[in-house]
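Below is one structure, written out as structure tokens; the observations come after it.
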Amino acid sequence: MANGMNRRRFLGLSTGTGAALLAAACGAGGSGGGGSGDATTLNVLCEGGGKAELQPIADAYQKSAGVTVNLVELPYDGLFNRLTSELAGGRASFDICAVDAVWLPLFATKLASIDQLFTDQVKADLFPALVKEAGTGGKFIGMPVWTNAEVLLYRKDLFENPAEQSAFQTRYGYPLAAPKDWKQFTEVAQFFTRPDQKLYGTDVKGAVETEWLAHVLQAGSPGVVLDDSGRVIIDNAQHLEALTFYADLANKYKVNPAGPQQTDWTAAQNLFNAGGTAMTRFWAHAYRQIPKDAGVAGKVGVAPMIAGSAGIAAIPGPWYLSVPQGGAKHDAAVAFIKACYDTNALSLQSSLGLAARKSAYQQYAQQTGYESFGPLLTTLDAAATRTRPATPHWQKIVDGVLIPMLQKSLTPGADYAGLLKNARTQIEGIIK
């Protein structure tokens, strides 16, 4: 789960402390959690950022329902390991668990159905990709509580500079603005690449896979890596088109700093905040977390994720709340999850500031300081936005195939089609 740890670090979430690890080993959350019928106390297993998101909801629920909600915080790997061991044994010490989207297929047979929560009204207020992902094996097993997606962050001080606008118009024949498609993105990135000024048009993240997969969807692929039937499609025309666009930014146009193979979320975020890139495709939460003393503080604009031939698309990053099968407090647990949906907007007041309902984001979208919410809504609600494939092998595919392939592609002269063909063979070996 090494890449999973990296994925959580970019969100600024807890990666755990000695105390949290000790708590996991000692079964914190209470042996009376899943093993007791006392519905006046609920134990919720969650990851660091999840606790921050859920705390205001838990506090409100305790006041309204008289139920104590214990949020048991574990590091990302610790949470995964505990869920794996306790769900497999059928004796969960918790009543509710927060589940990363990529884990749902792994735990699907061990989680209870919460179909009753997914009314037509509820589904209409959730992003389509999240509703689809929540349903596994013919039943809904998780209610999304927060989600995220990459949008485009750009430096307004550069884009709104009259001299830059004039020079760009002269060079490319159209106004300088936040790019909407691949061609514009490439040209704007080329325009702002000025190594002598230690400024680059954008970054290319070879150490993570999600951004390239978003471009695969923008190219019109019916899925990323696998289609809905589980067939490997990583070498289809859309994957090749997306890899060519993505890797050429570094290999052909050289619009990024050196070392794209090692660039991950943290490196890209730090680079942009310091003023080293004019644009970055990044998770929307980062807009509100730009440090006040950062070089770009107060100078950042936000736009929806760029579009390919199929339009805007992104890979959402949701977490779900689920109930273990056979839990003694099933009804009370489901009632709390319903409350989490009903009061979902409270999570936007947390340090991370993410939610899952469209209406929650819409409440804040026009307020000062929440300028990222409009572009995030547009991106998450785009027709081509899709979740990662529902396979229990996903993390192995990411760590063993996708990231090594991306890193190899970021070398001038790389055989993109050959890399994808080899990736197909490797993935077929993993899922057979």
**Asked** What is the antiparallel percent of DSSP beta bridges lying wholly in the range 42-146, to the nearest 5?
**Response** 20
**Fill in**
Distance in nm between residue 164 and residue 227 label points, each 7 Å along Cα→Cβ, equals 4.3
**Prompt:** Using the Karplus equation 6.51 cos²θ - 1.76 cosθ + 1.60 (θ = phi - 60°), what ³J(HN,Hα) coupling, rounded to whole Hz, does each residue of the range 107-114 give in order, writing x for Gly and Pro?
**Reply:** 9, 3, 6, 10, 10, 6, 5, 10
**Request:** Compute the separation of the alpha-carbon centres of the range 164-243 and the range 71-109 and state it in Å as a whole number.
**Result:** 35
**Message:** Please give the Cα centre distance for the range 355-403 versus the range 284-316, rounded to the nearest Å.
**Reply:** 12
**Fill in**
Per the rule of 0.36 nm per residue minus the C-alpha distance, extending residue 81 to residue 365 adds in nm 98.5 nm
**Fill in**
The alpha-carbon center of the range 52-67 and that of the range 250-270 are separated, in whole Å, by 42
**Greater than 27 Å apart at Cα, pairs in 63/329; 254/358; 156/292** = 254/358
**Request:** Would you mind checking 132/183; 205/408; 51/123 for any pair whose Cα atoms are more than 21 angstrom apart?
**Result:** 132/183; 51/123
**Complete:** Once both label points are put 7 Å beyond Cα along the C-beta direction, the residue 180-residue 119 separation in nm becomes 3.8
**Asked** Roughly what angle does helix 162-172 make with the longest principal axis of the chain, taking Cα atoms, 0 to 90 degrees, to the nearest 10?
**Response** 70
**Item:** Most mobile of 88, 310, 365 in a GNM of the chain (Cα contacts under 10 Å)
**Value:** 88
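For the chain, what does the accessible surface come to per residue with a 1.4 Å probe? Please give it in Å².
Here the residues of the chain average 38 Å² of exposed surface.
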**Gyration tensor (alpha-carbon) shape descriptor, the range 328-432, a/c threshold 1.5** = oblate
**Prompt:** Between residue 274 and residue 171, what length comes free when the chain is fully extended (0.36 nm per residue of separation minus the Cα-Cα distance, one decimal in nm)?
**Reply:** 34.4 nm
**Request:** Please check which bits of the range 339-373 a label hung off residue 65 would reach, taking the label as a point 7 Å along Cα-to-C-beta and the cut-off as backbone N under 11 Å.
**Result:** 339-343
**Asked** Given springs between every Cα pair under 10 Å in a Gaussian network model of the chain, which of 132, 205, 292 has the largest fluctuation?
**Response** 292
**Request:** When a/c is below 1.5 the answer is rounded, else prolate if a/b is larger than b/c, else oblate, so apply that to the range 314-371 with a ≥ b ≥ c taken from the square roots of the Cα gyration tensor eigenvalues.
**Result:** prolate
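For the range 140-238, which whole percent of the accessible surface, found with a 1.4 angstrom probe, sits on carbon and sulfur atoms? Please list the in-between numbers first.
Working: 1740 of 3530 Å².
Carbon with sulfur: 49 percent of the solvent-accessible area.
The values are calculated or read from the model by the stated rules, or taken from the named source; none is laboratory data. From a predicted model like this one, the values you see are computed outputs, not experimental measurements. We place every Cβ from the backbone using ideal geometry, glycine too, and count neighbours over all the protein chains shown. These area figures cover heavy atoms from the full protein model, side chains too; ligands, DNA and RNA do not enter into them. Shrake-Rupley method; radii C 1.70, N 1.55, O 1.52, S 1.80 Å.
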